[in-house]
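Heads up: the structure comes next, in structure tokens.
Just so you know, all these numbers are worked out from the coordinates, no wet-lab data involved. Keep in mind the model is a prediction, meaning the values are calculated, not measured. All Cβ positions, glycine included, derive from the backbone under ideal geometry; neighbour counts span all protein chains shown.
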DNA sequence: ACGCGGATGGCCT
DNA sequence: GGCCATCCGCGTA
């Protein structure tokens, strides 16, 4: 069963922590492709200088201000997609960036989705399929057509509850790849599993 | 095991 | 015009 809207209707850092261990699923023409969430980052809202919502509601950031449990998918660096789960109430503007998955279902489709234009010498190892926010969107086939989709059921993209992550397996660090509010401890990593 | 820079395009100032 | 919530390949060690 998909996580309900009430799960996402909380502060982004709480949701980011609790999403660890849940399963992100994409229903595609090839079948379901999915992975266990092992890394997240919280973007708290308009007062968070690193958050896209700090710019206000523009065409790009539109769905970040949607209701809790909305997918906010954006395009970055001219070639990558990244997927977020919107948190807090409709109109607020907080979200959780999903940064890494442990591959679960549709692994051969992931490998094909992740192979670029040129042929690879060696096929990608499982651990390299989804260990980054751009990589996991490519692997699952997530792009702008999923921007604004509901993650709580009734759309091809959904998040299903998994085994809760115990505190001693959760690492909390500053967020990666940003230039503002660089010290805020809002990155959550589930270790003692695959990845990193 | 690092560190660096190029790719690539949309959006905001 | 410059800045990105990134990725990958190539350089030095």
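Points to keep in mind about this one:
- Take each peptide in A:178-185, A:36-43, A:22-29, count the other Cβ atoms within 10 Å of every residue, and average; sorted highest first, the result is A:36-43, A:22-29, A:178-185.
- Difference of contour (0.36 nm per residue) and Cα-Cα distance, residue A:90 to residue A:127: 9.8 nm
- Highest-first packing order for the peptide set A:166-176, A:142-152, A:75-85, A:96-106 is A:96-106, A:142-152, A:75-85, A:166-176, based on the mean count of other beta carbon atoms within 10 Å.
- Sorting the segments A:56-68, A:6-18 by their residues' average number of neighbouring beta-carbon atoms within 10 angstrom, most packed first, yields A:6-18, A:56-68.
- Mean projected area of the Cα convex hull of chain A, taken over all directions, amounts to 10.7 nm².
- If R0 is 35 Å, the Cβ-Cβ spacing of residue A:1 and residue A:169 corresponds to a FRET efficiency of close to 0.90.
- Taking 16 Å as the cut-off, the amide N atoms of the stretch A:20-48 that come nearer than this to a point 7 Å along the Cα-to-beta-carbon line of residue A:143 belong to A:27-30.
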